[in-house]
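First the structure, in the form of C-alpha cells, and then the observations on it.
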Amino acid sequence: MGIQTDPRLAFAEAGSPVPMGMLCELTHRCPLQCPYCSNPLELERKSAELDVEAWCRVFRQAAALGVLQVHLSGGEPAARRDLEQIVEGCRDAGLYANLITAGVNIDRARLERLEAAGLDHVQLSFQGADAETTALVSHMKDAHSRKRAFAREVVDLGLPLTINAVIHRANIEQIDDFIALALEFGARRIEIAHAQYYGWALANRAALMPTRAQTERAIGRVEAARARLKGRLTIDSVIPDYHARYPKACMNGWGRQSINVTPGGKVLPCHAAETIPGLEFWNVAEHSLGDIWRDSPAFAAYRGTSWMNERCRSCDRREIDWGGCRCQALALTGDASETDPVCQLSPYHQRVHQLAQEESVRIVEGFRYRRPS
Ligand code: SF4
Ligand code: FES
C-alpha cells in the first residue's frame, strides 16, 4: 500500500488554496423568522433537499480535499429527522462536526443521540439577551426559555458551547447581557457578530442599522469584556462594516478557505453568492466537491487578485482583505467586481457612510420576517 499524503500538504505544495471549513445548509426550514437571516430570500423547498447518502458522500469528498470542520447549519438543521445520521457521516469521514442551531426544538434525548453520533460542538444563537427581545426578533414567543434550557443541557452533557449573538439596532445595548448569559451557561466562546447586510438583512437594513455612536459603544464594551474575561471566555466579534474605513476579508477571501453547500447541493463560495447574477454554480449531484472547488466557474470568478480593478490590485491590502465582500460590492454599487465600498478608497465610500447614517435614525415599523415566499 502506498504512503497516504495529507491532502492539505499536497494542495499547499501545489500552490492551491486548501478549504478549512464547509458550511452545510441542511435545510432552509426553520421555526424562527429572524429578519437578518443569511439564507436567500427565495428559500429552497424540503423536496429539493439532499438525502443522507448524498451528504455522506460530500463529507468524504470534503475530507479528501482537506476540509477539517463541518458546520451543520440551516435554516434549523434539527428540522431534519435524519440529523443523527448526518452527524454520523461527518464522524465517519473524520470531520469535526459543529451544529449551528436555534436550540428550540432539540430535547435532551435527541441531544444525547446527536452526541453519541459524534457531535463535537454546539453553536447556539440568541436573538436577544432577554425573553422580550428574543421573541421580538425571532418571532417565536417562548424561544428564550427554550434556548436557556437547551444551553444547560449542552453544557451538562459536556459538549463545548458557543453562544452566537447577531447584533443590530434592537439588541445593540445588550452586549454585556449577552456576555453574562454566556458566562452563566459556562459557554467557552461567544461570537458577537454585527448583522451583515445581504439577503434578509438587506431587506431589513433600515430597521436593523444601529447609529455610529451605538456601534462605537458596542465595540468598546466588547474590548472591555475581552480584557476582563481573558482566559475565561473567548469573545470573537464581527464589526459592522458600514461604519468602518476598511472592509473585512469576507470568507477570508473568495474561494480560499470556505465552501458553502445549499440544501439542494449547490456549492457556493459564500452564503450570499447567489445574489450575484451570471455566476454558474455546480451541484454535488453532478460534480465531485474537489472538481467544484478547483474548476467551477463560480469559485474561479473572484479567487485571488487577478479579477480586481486597478485600485485594489495596486493596493498593499489586497491580500489582507482580498478587496472586501463581493456580495456587498454588488448590493451597494451594482457591480460585484467593484472595490467593496466600505473601503475608504472606494468612490462610493461616502455614499455608504451617508446611507448608514440616514438609515440608523429612520423610524421603521416592524421587520420583514423571514418566511418562505
Ligand atoms: Fe482592500 Fe481594495 Fe480597499 Fe485596498 S482598495 S483596502 S484592497 S478594498
Ligand atoms: Fe459573498 Fe461576502 S457574502 S463575498
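The values are calculated or read from the model by the stated rules, or taken from the named source; none is laboratory data. Bear in mind that the values here come from a model prediction, so they are computed numbers and not experimental data. So basically every Cβ, Gly included, is an ideal-geometry build from the backbone, and we count neighbours across all protein chains shown.
A few notes on this one:
- Residues (away from ligand 2 (no atom under 13 Å from the Cβ) and either buried (at least 20 other Cβ atoms within 10 Å of the Cβ) or under 17 Å from the mean Cα position of the chain (by Cα) (or both)) located in the stretch 263-287: P263, G265, K266, V267, W282, V284
- Cβ-Cβ under 9 Å pairs, at least 6 apart or on other chains, the stretch 20-39 side closer than 20 Å to T275 by Cα, far side outside any loop (DSSP other than H, G, I, E, B) and of a type in the set (D, E): N39/E25
- Here A193 meets each of (1) buried (at least 20 other Cβ atoms within 10 Å of the Cβ); (2) on the phi < 0 side of the Ramachandran plot with one exception, condition (1).
- Count of the stretch 96-117 residues, restricted to those that are of a type outside the set (V, I, T) and within 19 Å of the chain's Cα centre (by Cα), is 6.
Listed here are the residues, each with its yes/no results for (1) small (G, A, S); (2) closer than 21 Å to S373 by Cα.
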site: C34; (1), (2): no, yes
site: R45; (1), (2): no, yes
site: R60; (1), (2): no, no
site: L65; (1), (2): no, no
site: L72; (1), (2): no, no
site: L83; (1), (2): no, no
site: V87; (1), (2): no, no
site: D92; (1), (2): no, no
site: G118; (1), (2): yes, no
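- Filter result for the condition that a residue is under 24 Å from A203 (Cα atoms), assigned to a loop (DSSP other than H, G, I, E, B), of a type outside the set (V, I, T) and more than 13 Å from ligand 2 (Cβ to nearest atom), over C315, C343: C343
- Only residues that are touching a residue at least 24 places away in the same chain (Cβ under 8 Å), away from ligand 1 (no atom under 16 Å from the Cβ) and not in a loop (DSSP other than H, G, I, E, B) were counted in the stretch 244-287, giving 9.
- Output for the stretch 175-189, where each listed residue is more than 14 Å from S125 (Cβ to Cβ) and part of a helix (DSSP H, G or I): I175, D176, D177, I179, A180, L183, E184
- Of all residues in the stretch 288-311, those that are in a loop (DSSP other than H, G, I, E, B) and under 17 Å from G21 (Cα atoms) total 2.
- Single condition L72 does not satisfy, out of (1) closer than 21 Å to L289 by Cα; (2) over 15 Å from the mean Cα position of the chain (by Cα); (3) not basic (K, R): (2)
- Pair list, Cβ < 7 Å and 6+ apart or interchain, from the stretch 121-136 residues that are free of Cβ contacts under 8 Å to residues at least 24 places away in the same chain to residues that are assigned to a loop (DSSP other than H, G, I, E, B): T134/Q127; T134/G128; A135/K141
- Taking first residues from the stretch 289-302 that are at pLDDT 95 or above and partners that are β-branched (V, I, T) and in a loop (DSSP other than H, G, I, E, B), the Cβ contacts under 9 Å between residues at least 6 apart in sequence or on separate chains come to L289/V67; I292/V284; A298/I276; A301/I276; Y302/I276.
- Qualifying residue in the stretch 303-321 (condition: over 21 Å from R245 (Cα atoms), surrounded by 14 or more Cβ atoms within 10 Å (Cβ to Cβ), away from ligand 1 (no atom under 12 Å from the Cβ) and hydroxyl-bearing (S, T, Y)): no
- Checking E76, E49, E53, E25 one by one, the residue that is out of contact with any Ser or Thr (no Cβ under 8 Å at 6 or more places or on another chain), under 23 Å from A93 (Cα atoms) and of a type in the set (D, E) is E53 and no other.
- Answer from A54, A79 - the residue that is hydrophobic (A, V, I, L, M, F, W, C) and closer than 17 Å to D291 by Cα: A54
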